[in-house]
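Here's the structure, in structure tokens; my notes come after.
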Amino acid sequence: MRIVYTDVLVVGGGLAGLRAAVGARRRGHEVIILSLVPPKRSHSAAAQGGMQASLGNTARGAGDNEDVHFEDTVRGSDWGCDQEVARLFAHTAPQAVRELAAWGVPWNRVQAGEREVVVDGRRVSLAERPEAHGLIAARDFGGTKKWRTCFVSDGTGHAMLYAVSDQAVAESIPVHERCEAIALIHDAGRCHGAIVRNLVTGELSAYIARATCIATGGFGRIYRVTSNAVINEGIGAAIALETGIAELGNMEAVQFHPTTIVPAGILVTEGCRGDGGLLRDAAGHRFMPDYEPEKKELASRDVVSRRMEEHIRAGHGVKGRFGEHLWLDITLLGKAHIDGRLREVKEICQHFLGIDPARDLIPVRPAQHYSMGGIRTDASGQSTRLAGLFACGEAACWDLHGFNRLGGNSVAETVVAGMIVGETMADFVESSAGDLQVSTALVREFLEREQARIDTLLHGDGSENAAALMARMQEIMTDKVGIFRRGDLLESAVEELQQLLVRSRSIGIATRRPGANPELVTAYRVQKMLKLALCVAHGALQRTESRGAHYREDHPRRNDADWLKRTLARWPDAGQTLPTLAYEPLDVSRMELPPGWRGYGAKDAIAHPATEARAAEIAAIRSAFGHADRYTLQQALMPFEHLVPEPFRGRNERLGDTQ
């Protein structure tokens, strides 16, 4: 029995995991990172458009600050987010982007003077301030009042990932590549590490840690068409679910990005529309102003995706050999702009479509892109039910995003949450709560259990085909648990997914070698992925309202009176075929921004009974603190600074700040 001991175990080598590892290591603790692939090949590299941080350097970003970013995030979430976490995030994001600059991320910079941009389909001239020259620039993104998205052309994630990975190398943090955590070791409500399978040799090992962090990204591969990498199968969230103790939050909240290329499903960044690109239909008509006359192509992602699908349903789609689609037009941006700021988009179009986006329209249609749901944590990033287990990034339901994520807030969350979780894990390890008291008997029990499961797959007499089960799961999720949801389809999805889960317990494989064995990997992963799919589908069926990316055609109104609460899923019995659901109410009486109209569609939400009273309280506080600075006012509305780790409590500075 091979046992590896460390202070901190980070499962996942993308941006969130790397930044958390760097934070814990700089506090003097031993850290090990597990990664399916070399860290610089993590899915974080696919992030294109940018990260949001309220620097306020550009002409169209002037006046931006944490208050504006906070409000955009809450409205974008359709009031589903944790507002204290949103405040914590908006406060820390400017520090994160400046830290990354110091680490070598080559952010695009402001150039003083006149420049020409495309806004609303027209070329306009902007004048950048001389005092902003050389500062970090920003572009426009959907659902925001200010130009806030800091960017490195359209390779932002790539640049960030390389910089943070290099910091991990500089800190001498070991990365155990081609290693997969397949179960968490836990006892008496305390996580002690993970059982890990070497994907090359097949050997199982136990990694014992005082703090364990899941940072494995999303679970997009439970869908057939997704912008997610093939490694984004949600196994980190699944092994937390399989403890029977840790909870997953808001799993039905799944985002579909408006612009993925047809048929490959590869993302083309929101930066295309932020820089002035337009959406057109089969007739060449720009249709988004017909639906959303104010924000048009830059409405929130859930809104744009629904409008695109509605337009196709109305008969305006472009018919092609791979089904219907719409057009993304960035030709008006010009070749020089595309070559300079959208070069990855250009290469994707050339390699996967054989077109030049400077001359040709790009065929696009919405596809699964992001998972707002994940391991439920508190504001510090620790599981609310399993001590010693932390999560950050897309694998977590920290609940920054609620039921819809703003573009640019995800890649920002990876580094911000990584900064915070790195500090809180170090605090945990240094406290008495972080003391390790785990017996080798317990470790052996978990290791032998996982080995027995693998042996059953390798040597059992099952007849089910893992790849076929995977494909059918993906078809069900795409066809029945997509952008538009309906009770009868969700019921059908839940019923068939349950059947698939039962069948997955009788998988047989042809390749019986214990080492590098993709068939075996598919077999044990699909069993876990089906549980995640059931959390999504069952949660969506029970939530009889529409909120953010969760849109029920049979319940089209947002219902704060009954559903202003977070879905919590557990799987306490390995033999059950449905998750056990519970709900966590959102406390309106503590909200800085009480529920209201997002700015899209009809003003027909069913109000929460406490909303009116809280809105009156907020108005009274604002009146009483009318002459105070914005920091004092904010603390009176909803204190959050106690949640900020000590190193990050300083105020952010901006050009022209007077308070």
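The values are calculated or read from the model by the stated rules, or taken from the named source; none is laboratory data. Values in this document were obtained by computation on a predicted structure and should not be read as measured data. Don't worry about glycine lacking a Cβ; one is built from the backbone with ideal geometry, like all the others, and counts go over all protein chains shown. Quick note on the areas: whole protein, heavy atoms, side chains included, nothing else; ligands and nucleic acids left out. Shrake-Rupley method; radii C 1.70, N 1.55, O 1.52, S 1.80 Å.
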Go through 462-469, 52-59 and give me the packing order, highest mean Cβ count within 10 Å leading.
-> 52-59, 462-469
Tally up the carbon and sulfur contribution to the accessible surface of the chain as a whole percent, 1.4 Å probe, everything protein left in place.
-> 49
Counted charge near GLU646, where neighbours are those whose Cβ lies closer than 11 Å (Asp, Glu -1; Lys, Arg +1) | -2
Out of ASN404, ASN465, VAL85 - ranked by how far each Cα lies towards the positive end of the dipole of the chain, with unit charges on the beta-carbon of charged residues - the top one is ASN465
Quick one: if the Förster radius is 41 Å, what FRET efficiency do ALA283 and HIS133 give, using the C-beta to C-beta distance and rounding to 0.05?
-> 0.40
Sparse-neighbourhood loop sites, trypsin sites (Lys or Arg not before Pro) in region 1-62 - DSSP loop, at most 11 other Cβ within 10 angstrom = ARG2
Rg to Rh, two decimals, where region 399-514 supplies the alpha carbon set and Rh follows Kirkwood = 1.12
Peptides 227-234, 243-250 ordered by average Cβ neighbours within 10 Å, highest first | 243-250, 227-234
Starting from the Cα of LEU436, move 7 Å in the Cα-to-Cβ direction to define the label point; list residues of region 164-203 whose amide nitrogen is under 12 Å from there.
-> 192-194
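GLU247: net charge of surrounding residues, Cβ under 10 Å, Lys/Arg +1, Asp/Glu -1, itself excluded?
+3
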Expected unfolding gain across GLU448-GLU646 under the 0.36 nm per residue rule, minus the alpha-carbon gap, is 67.1 nm
For region 81-207, what is the convex hull volume of its Cα atoms per residue in Å³?
-> 195
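How long is the gain from ARG343 to THR544 if the chain were fully straight, where each residue apart is worth 0.36 nm and the alpha carbon distance is subtracted?
Length gained between ARG343 and THR544: 68.1 nm.
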Treat every Asp and Glu Cβ in region 1-139 as -1 and every Lys and Arg Cβ as +1, leave all other atoms uncharged, and give the resulting dipole magnitude about the Cα centre to the nearest 20 debye.
-> 700
Taking only C-alpha pairs under 8 Å that are 6+ residues apart, what is the relative contact order of region 368-478 in percent?
-> 19
Roll a 1.4 Å probe over the protein chains and send me the accessible area per residue for the chain in Å².
-> 36
First check a/c for region 19-62, with a ≥ b ≥ c the square roots of the eigenvalues of its C-alpha gyration tensor; if it is under 1.5, answer rounded, and if not, answer prolate when a/b is larger than b/c or oblate otherwise.
-> oblate
Once you have a ≥ b ≥ c as the square roots of the Cα gyration tensor eigenvalues for the chain, tell me rounded if a/c is under 1.5, and otherwise prolate or oblate according to whether a/b is larger than b/c.
-> rounded
Of 428-439, 480-491, ordering from highest average Cβ density within 10 Å down gives 480-491, 428-439
